[in-house]
Amino acid sequence: MKGLVKLRWMALAGAALAVGILLSFERGDDHSFKLAKNMDIFNSVVKELDMFYVDTIDADKVVRQGIDAMLYSLDPYTNYFPEDDQSELEQMLKNTYGGIGSIITWNAKLKRSMIGEPYEGMPADKAGLKTGDVLMAIDGKDLAGKNNQEISEMLRGQAGTSFKLTVQRPGTQEPLTFELVRRAIELPIIPYYTKLENNIGYINLSTFSGSPAKEFKQALMDLKKQGITSLIIDLRNNGGGLLDEAVDIANYFLPRGKTLVTTRGKLKQADMTYKTLREPIDLDIPLAVLVNSVTASASEILAGSLQDLDRAIIVGQRTYGKGLVQTTRPLPFGATMKLTTAKYYIPSGRCVQAIDYQHRNKDGSVGRIPDSLTTVFHTEAGRIVRDGGGVTPDIVVEQEKFPNILFYLVNDNLIFDYATQYCLKHDTIAPPEDFKITDADYADFIQMVKDSDFKYDQQTEKILKNLKEMAEFEGYLKDASAEFDALEKKLQHNLEHDLTYFAKDIKPMIAIEIIKRYYYQRGGIIEQLKDDADLKKAMEVLTDPNRYKKMLDAPKDTVNVETLG
């Protein structure tokens with residue numbers, strides 16, 4: 001009944017607002033008329049559903065779905081957050097949430113959630129929960145039938161509140177019950193930094209939410225005390241966050257008074273200019289920034305600004321291309337809307353936005369702006385850069401292509417399950433810098449996969465089948481049947497052969513999964529960096545001062561982009 005009254009109140013209030021708007025302008029104002037007309041229609045639809053639909057409608061659900069569909073038709077970044085669903089927004093802005101501090105993953109075989117990765121020092125870790133623990137009950141309530149999202153919401157809550165979590169741990173007979181107290185969880189901002197060989201510093205920056213500038217400064221000052229003479233900033237997989245934080249970090253390496261970002265929107269209040277306001281920490285230290293296709297938003301502001309001002313070499317793959325700015329607006333009943341209010345422009349004057357949501361295809365889809373339609377801009381030294389497609393690195397490193405079998409091994413949790421079994425047999429392992437998957441370990445893994453009745457699609461089989469069908473359609477199959485039969489025998493599915501052939505790709509994934517069980521996210525990063533093409537290329541440039549300087553001082557008519565296969 002409460003939802004029904006609320007729905008009717010919303011419909012009446014909306015209708016009254018629409019009438020007021022209708023009376024406040026003349027018919028000649030086409031935009032205002034269309035807005036008021038459609039608001040009136042929407043409220044009438046809600047009212048008619050409320051009165052005549054065969055079943056009682058869920059007011060919150062129906063209106064929420066209508067709002068979500070409307071906002072998604074604009075862009076993916078304009079979102080509605082009702083009063084009882086503010087945790088996601090809070091995490092986005094502050095990088096914190098109330099919970100136990102663990103990634104939750106899905107066990108498809110058991111159809112239950114399990115602990116995927118507890119964060120170091122957080123309640124889940126301190127209580128003794130381990131990766132692979134299957135979540136059975138919360139405060140005695142069976143979790144069967146609930147998906148990851150539902151269980152994640154149950155685990156979250158106000159800091160200081162407690163609950164009992166029952167899990168089934170692999171290798172144990174009886175379920176285990178843990179008493180957990182929720183706390184404010186802050187996701188790791190800088191999960192790892194270190195001094196590499198040749199006095200090169202390395203900082204892995206995972207987000208621009210929370211207070212990354214403060215933590216970055218602490219890491220930078222610590223590395224400088226250790227004697228670094230150059231620095232690599234890793235922004236790969238960093239989806240962005242707060243614009244101000246990106247400007248503050250750039251300011252550590254740029255002189256005071258530099259314009260880094262300007263924003264322009266429909267309203268005057270959306271037009272802003274962001275400059276470096278403080279004295280820098282180091283204007284001369286050589287910099288390299290690692291980026292990839294997931295590097296977005298504030299990460300692109302930092303990388304793009306340092307590129308435009310010829311302050312750093314950018315290495316990796318072209319970034320995501322998010323050149324839009326969002327702000328939050330309060331709504332009635334404690335709700336909030338995050339909406340796109342402007343585009344941002346970095347020092348050269350370019351906007352990196354790659355998708356034009358305003359001009360959609362006839363089917364409603366959107367695509368990236370083609371390179372042929374992008375515009376040339378210039379860095380401060382005159383190097384050529386372009387808008388409309390993210391930040392293109394100065395040194396493009398081709399993204400590693402993983403074999404098809406690896407995708408299926410990860411998707412079926414076989415690497416995850418092997419790591420769980422491995423940890424049951426090993427109380428400790430070597431430090432992440434020294435840990436290796438031995439041939440004996442990998443033989444055990446192969447046997448486990450074979451015993452699991454693992455199946456996966458082979459692309460060669462699919463292509464050959466399609467080729468046979470086309471050959472038959474065109475009348476060539478009869479004459480080529482012997483060749484097709486011979487090729488089918490050569491391409492016959494052989495699991496052990498594939499696991500052995502692709503061992504060099506599979507072993508590092510196993511190592512990462514195992515190391516994270518003992519050394520958390522930091523250990524996983526150390527393992528990933530052992531054979532990292534982006535990192536190696538950045539280190540090559542930083543240890544060659546003449547090459548570094550030449551790349552940043554390129555003449556105006558030179559497109560100075562290197563490519564590493």
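The values are calculated or read from the model by the stated rules, or taken from the named source; none is laboratory data. Computed from a prediction, not measured in an experiment: that's the story for all the values here. Virtual Cβ from ideal backbone geometry, glycine too; neighbours counted across all protein chains shown. Keep in mind that these areas ignore ligands, DNA and RNA; they rest on the heavy atoms of the full protein, side chains included. Shrake-Rupley method; radii C 1.70, N 1.55, O 1.52, S 1.80 Å.
Quick notes on this one:
- When segment 65-103 is limited to residues that are touching a residue at least 40 places away in the same chain (Cβ under 8 Å) and under 16 Å from the mean Cα position of the chain (by Cα), the one that is surrounded by the fewest Cβ atoms within 10 Å (Cβ to Cβ) turns out to be L93.
- The one condition from (1) open to solvent by 70 Å² or more (accessible area, probe 1.4 Å); (2) in a helix (DSSP H, G or I); (3) within 21 Å of T420 (Cα to Cα) that D453 does not meet is (2).
- Residue match in segment 177-186 (condition: without any contact (Cβ under 8 Å) to a residue 24 or more places away in the chain and farther than 24 Å from G523 by Cα): yes
- Unique match (being more than 21 Å from Y77 (Cβ to Cβ), outside any strand (DSSP E or B) and touching a Leu at 6+ places or on another chain (Cβ under 6 Å)) among D284, D248, D310, D222: D310
- Taking residues in segment 265-280 that are closer than 17 Å to A298 by Cβ, and partners anywhere that are among the small types (G, A, S) and surrounded by fewer than 14 Cβ atoms within 10 Å (Cβ to Cβ), the pairs with Cβ atoms closer than 7 Å and at least 6 places apart or on different chains are K275/G257; T276/G257.
- The C-beta contact set for segment 404-425 (first residue touching a residue at least 12 places away in the same chain (Cβ under 8 Å), second residue open to solvent by 50 Å² or more (accessible area, probe 1.4 Å) and small (G, A, S), distance under 8 angstrom, 6+ apart or interchain) comprises D412/A108; N413/A108; L424/G171.
- Qualifying residue in segment 363-370 (condition: open to solvent by 60 Å² or more (accessible area, probe 1.4 Å), within 28 Å of L290 (Cα to Cα) and of a type in the set (G, A, S)): no
- Residue in segment 355-376 that is closer than 19 Å to D310 by Cβ and touching a helix residue (DSSP H, G or I) at 6+ places or on another chain (Cβ under 7 Å) present: no
- Matching residues in segment 508-519 - criterion: being touching a Phe, Trp or Tyr at 6+ places or on another chain (Cβ under 9 Å) and closer than 17 Å to K401 by Cβ: M509
- Any hit, segment 498-521, residues being at pLDDT below 80 and open to solvent by 90 Å² or more (accessible area, probe 1.4 Å): no
- Considering only residues in segment 242-271 that are over 24 Å from I190 (Cβ atoms) and of a type in the set (A, V, I, L, M, F, W, C), the one that is farthest from the chain's Cα centre (by Cα) turns out to be L267.
- Criterion violated by E174 - all others in (1) part of a loop (DSSP other than H, G, I, E, B); (2) closer than 30 Å to Q218 by Cα satisfied: (2)
- Single condition L283 does not satisfy, out of (1) surrounded by 13 or more Cβ atoms within 10 Å (Cβ to Cβ); (2) closer than 20 Å to L260 by Cβ; (3) among the hydrophobic types (A, V, I, L, M, F, W, C): (1)
- Some residue of segment 459-475 being in a helix (DSSP H, G or I), of a type in the set (K, R) and open to solvent by less than 90 Å² (accessible area, probe 1.4 Å): yes
- For segment 344-362, filtered to residues that are outside any loop (DSSP other than H, G, I, E, B) and of a type in the set (S, T, Y), the residue that is least open to solvent (accessible area, probe 1.4 Å) is Y344.
- Here E300 fulfils each of the conditions (1) assigned to a strand (DSSP E or B); (2) crowded, with 23+ Cβ neighbours inside 10 Å apart from (1).
- Segment 353-390, residues that are of a type in the set (S, T, Y) and touching a strand residue (DSSP E or B) at 6+ places or on another chain (Cβ under 9 Å): Y357, T374, T375, T379
- Residues in segment 245-270 that are open to solvent by 60 Å² or more (accessible area, probe 1.4 Å) and at pLDDT below 95: K266, L267, K268, Q269.
- Which numbered condition V289 misses (of (1) closer than 21 Å to D553 by Cα; (2) outside any strand (DSSP E or B); (3) touching a helix residue (DSSP H, G or I) at 6+ places or on another chain (Cβ under 6 Å); (4) among the β-branched types (V, I, T)): (2)
- Here T341 meets the list (1) over 26 Å from Y202 (Cβ atoms); (2) assigned to a loop (DSSP other than H, G, I, E, B) almost entirely, failing just condition (2).
- The condition of being under 23 Å from I526 (Cβ atoms) and among the acidic types (D, E) holds for only one of D441, D451, that being D441.
- Any hit, segment 184-192, residues being touching a Leu at 6+ places or on another chain (Cβ under 9 Å) and assigned to a strand (DSSP E or B): yes
- The residues of segment 386-405 that are at pLDDT below 95, at negative phi and not basic (K, R), listed by number, are D387, G389, E398, Q399, E400, F402, P403, N404, I405.
- Summed over segment 210-239, residues that are within 17 Å of the chain's Cα centre (by Cα) and either of a type in the set (A, V, I, L, M) or open to solvent by 10 Å² or more (accessible area, probe 1.4 Å) (or both) total 5.
- Considering F445, F407, the condition of being open to solvent by 100 Å² or more (accessible area, probe 1.4 Å) and in a helix (DSSP H, G or I) is satisfied by F407 alone.
- Residues within segment 177-198 that are modelled with pLDDT of 90 or more and either open to solvent by less than 40 Å² (accessible area, probe 1.4 Å) or out of contact with any Ser or Thr (no Cβ under 7 Å at 6 or more places or on another chain) (or both), tallied: 13
- Filter result for R156 (more than 19 Å from K516 (Cα to Cα) and touching a helix residue (DSSP H, G or I) at 6+ places or on another chain (Cβ under 7 Å)): yes
- Selected residue (criterion: farthest from A419 (Cα to Cα)) from residues of segment 118-131 that are in contact with a helix residue (DSSP H, G or I) (Cβ under 6 Å, 6 or more places away or on another chain) and crowded, with 18+ Cβ neighbours inside 10 Å: P118
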